[in-house]
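Down below is the structure, laid out as structure tokens.
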Amino acid sequence: MVLVGLLPLTLSLGLAYREERQALRETTGSNFKGIAVEVARKIETQILRGINEAQQLATIPFIRTAVKNANRSYEGREPDSIRAFIEEWEARWRSRTNPREFPAFVNRIATKYLVDWHAVRKSDYLGIVVTDSQGALVLSSLPQVKFYYGDSEWWASALHQGRGQIYVSDLTFEPSFGTHVLNVVVPIVDHNPRRTLGTVSIMLRRDSLFRSISEVTAGVTGHAMLMDTAGVPLICPVLSLEQHTVPPAMVAAVNGDQAGWVQVNRDTHGARDSLVGYAHLRIQETLAPESFRGRQWLTIVRQNPEETYAPLRHLLVKIAMYGVVVFGILWLAGLVVARKIMSPIQTLHEGVKRIGSGNLEYPLVVKTGDEIETLAEAFNTMQRQIDRHTVQLKQEVAAQTKQLSESEKRLQRHSEELEAKVRDRTREIRETQTYLESLLENANDVIYTLDHDQCFTYVNGKVENWGYRKEDLLGRPFLSLVAKRQRGRRLKDILEMKVKQEYEVEVISRTGGLRSVLVSVSPLDNERHGVLGIARDITDRKLMEQQFRNTERLVSVGKLAAGVAHEINNPLGGILNCLHNMRKGMLSAERQEKYFMDMEDGLRRAQKIIRQLLDFSQQRDPEFSMNDLNGLVGRVLALTNHVIDRKGLRLREIAENSLPPLFVDPQMIEQVLTNLILNAVQATEAGGSITLRTRTVNGHCEIDVADTGAGIPPEARPHIFDPFFTTKGTGEGTGLGLSVSLGIVERHGGKLTVESEVGKGTVFTVSLPLSANRAAMEKVSG
């Protein structure tokens with residue numbers, strides 16, 4: 001009997017070993033997968049940080065100005081002349097007396113900014129290089145770099161024939177620095193017109209990636225490494241790259257789209273039946289196809305199988321030892337106990353058979369003086385109780401049968417009443433449904449519902465005014481009715497925001513005509529429908545509004561023309577006077593030089609007026625993104641601090657640290673703040689102060705730009721936002737800065753207000769709403 005009991009025990013141990021081995025594989029594999037994902041995210045973070053910082057450098061105004069000035073030197077030249085021109089400057093670059101210093105023709109201010117930036121990140125960066133549209137060097141954080149990069153793969157890929165794209169190189173050895181680098185290159189783009197001005201290249205050190213990989217371990221022999229999808233090892237903290245052998249079967253196994261783990265016959269270190277976790281790098285930027293040598297990178301984590309399965313083998317040895325001991329004890333106990341309990345158990349078995357056959361008067365007689373005798377007495381007691389309860393049960397069954405018959409009659413009556421109520425309720429629902437359908441069909445607006453894929457699930461008959469039958473629209477996407485020029489990502493994002501909102505779109509009628517429609521949408525909290533929409537045709541109203549705007553535009557054009565004529569006529573008159581005097585030929589050389597300077601100042605003033613007039617008339621769409629408002633203020637102050645210090649003014653910055661991220665166009669807001677700060681500097685005398693304050697008030701983020709200047713006279717305050725209105729002296733302003741700033745703030749849905757007191761100062765307040773910000777955050781978190 002003991003042997004029979006040990007047989008399932010042995011089988012159970014075998015199955016347990018197999019399951020534990022499988023569980024250990026699953027646990028270890030999942031752990032390796034998590035480590036691989038962690039390392040991949042670290043490497044992604046370093047590469048993305050390099051891309052983001054390169055993009056930040058590409059937007060620095062004086063860096064962009066240096067590149068534009070370099071590109072202007074090629075204007076009017078033929079390709080051969082441009083190449084000869086570059087070779088001449090390349091020869092000057094190589095002929096420096098000290099190759100560890102920058103030559104005199106390099107922009108000192110921009111170079112110092114680049115060197116300071118590199119000094120902060122020198123543990124990760126090897127160098128920063130800025131080139132122009134021909135591949136020639138414009139700026140560098142190190143003087144040891146070469147001058148011409150037009151024949152480099154990274155430059156050609158990033159420039160992309162003037163269209164521009166982000167490029168990330170493979171790990172390559174850089175002979176001039178004696179180490180491996182990862183080159184991150186972004187284009188410097190001029191958005192109006194869109195063209196690529198040059199590139200910003202950041203050379204990341206291989207050691208920074210090596211640290212991210214070597215910091216992660218798994219046990220004693222487990223570690224992570226970096227390789228590409230072709231099976232080429234890139235970084236390993238244990239063995240040199242030449243000692244690795246990556247079998248094709250392993251390359252195919254780890255090339256899945258998602259992170260995971262596999263068991264391979266042979267891993268990169270030659271171990272058999274090894275568990276390998278893997279994860280691909282997912283760079284959240286659109287990269288050039290040539291990036292990473294046209295391949296993908298992935299991280300793998302492996303460990304020697306001996307270490308992986310060591311705990312399971314130790315457990316198996318212990319269980320085997322304990323099993324032998326238990327087997328011996330059971331063998332001895334079985335011999336003693338079997339003799340003592342077998343005979344009484346047979347008596348109990350016979351009595352149980354009689355009781356089971358219905359003989360409740362057969363008593364069990366066992367005299368052993370132990371628990372078996374007690375068990376026999378319990379059986380006798382149970383026999384008497386069963387006899388007594390049998391009689392009671394028969395009586396109870398009769399009573400319950402009677403109650404059940406009465407319950408069936410009551411249930412039948414309640415069922416008939418319930419059916420009558422259901423019929424009445426069904427009739428009421430149908431009447432209500434007919435009433436609601438009548439309301440919807442006779443509404444003056446188009447009423448519809450969309451599912452979560454923005455496809456129509458209901459539309460009323462009012463849509464026939466657009467030439468459509470409502471049956472034809474069911475199941476079609478909402479965007480198929482919208483004009484093609486408005487089917488961009490922006491409208492799709494608005495549809496996906498789960499908030500109540502209104503927006504205006506153009507709808508294509510069945511005949512191909514365009515109808516202006518004001519849409520109001522509200523989210524529906526159910527699985528089938530996504531939103532409820534009401535579309536009101538405002539085409540006729542728009543035409544009337546357009547007529548009013550045309551009238552107002554004619555008035556504005558008249559004002560603008562008068563302002564431009566007046567502002568440009570003064571410098572042109574001065575230039576003509578200088579030319580008239582110079583034509584007489586009676587001026588001294590010193591007087592002629594003075595006239596040349598006056599004419600140049602007049603032309604620059606006219607150029608400034610025309611440029612600001614273009615900024616005033618230009619209406620490009622904002623490029624919204626989530627931004628830290630305090631960070632925007634900090635970047636503007638970094639560009640304007642020298643103007644404040646040069647005039648001897650005090651700067652106070654009061655920032656609210658709990659400001660939420662704001663959904664704005666960062667370049668437009670920086671333009672507004674820069675204009676307000678420069679106006680405050682010009683209005684404040686030396687010894688005064690300028691205060692910048694950020695805060696949240698009633699669902700808005702507000703930025704105050706306050707000065708202690710002379711203030712704005714009451715008679716001038718209603719006109720400060722008019723084009724070409726200015727209180728500054730001749731040559732100090734054109735009157736377009738505040739008009740441009742007001743237009744930018746209003747396009748963000750905000751307000752630009754002013755409070756001023758003569759003799760005490762002025763406060764301009766930029767107020768931006770948080771409603772669009774909350775909708776964007778809900779979409780991202782969802």
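The values are calculated or read from the model by the stated rules, or taken from the named source; none is laboratory data. This structure is a prediction, so every number in the text was calculated from the model and none was measured. A quick note on method: Cβ atoms are made from the backbone with ideal geometry, for glycine too, and the neighbour counts reach across all protein chains shown. When the accessible area is computed, the model is the full protein with side chains, heavy atoms only, and any ligands, DNA or RNA have been set aside. Shrake-Rupley method; radii C 1.70, N 1.55, O 1.52, S 1.80 Å.
Assorted remarks:
- Highest-first packing order for the peptide set 312-318, 378-384, 222-228 is 222-228, 378-384, 312-318, based on the mean count of other beta carbon atoms within 10 Å.
- For the set Lys594, Lys462, solvent exposure ranked by accessible area (probe 1.4 Å, protein chains only) runs largest to smallest as Lys594, Lys462.
- Solvent exposure ordering (accessible area, 1.4 Å, most first) of Ile82, Ile677: Ile82, Ile677
- Among the trypsin sites (Lys or Arg not before Pro) in segment 218-310, those located in a DSSP loop and surrounded by at most 16 other Cβ atoms within 10 Å of their own Cβ are Arg282, Arg295.
- Exposure check, 1.4 Å probe, all protein chains in place: Tyr113 carries approximately 80 Å² of accessible surface.
- Accessible area of segment 620-666 belonging to carbon and sulfur atoms, whole % at 1.4 Å probe: 50
- By average C-beta atoms within 10 angstrom, highest first, the peptides 132-139, 712-719: 132-139, 712-719
- Electrostatic tally near Asn577: other residues with Cβ closer than 14 Å to its Cβ, Lys and Arg +1, Asp and Glu -1, net +2.
- Excluding ligands, DNA and RNA, the accessible surface per residue across segment 407-456 is 81 Å² with a 1.4 Å probe.
- Lys500 accessible area, assembled protein chains, probe 1.4 Å, Å²: 150
- Förster radius 51 Å - calculated FRET efficiency between Arg425 and Tyr503, Cβ distance, rounded to 0.05: 0.80
- For Glu437, Glu44, Glu215, the ranking by accessible surface with the largest value first comes to Glu215, Glu437, Glu44, using a 1.4 Å probe.
- A cut-off under 15 angstrom between Cβ atoms defines the neighbours of Ile429, and their net charge, with Lys, Arg +1 and Asp, Glu -1, is +1.
- Carbon/sulfur fraction of accessible area - segment 193-247, other protein chains in place, 1.4 Å, %: 51
- Globularity index of segment 79-158, i.e. its alpha-carbon radius of gyration over 2.2 N^0.38 Å: 1.13
- In this view, the solvent-accessible surface of His642, computed with a 1.4 Å probe and all protein chains in place, comes to about 110 Å².
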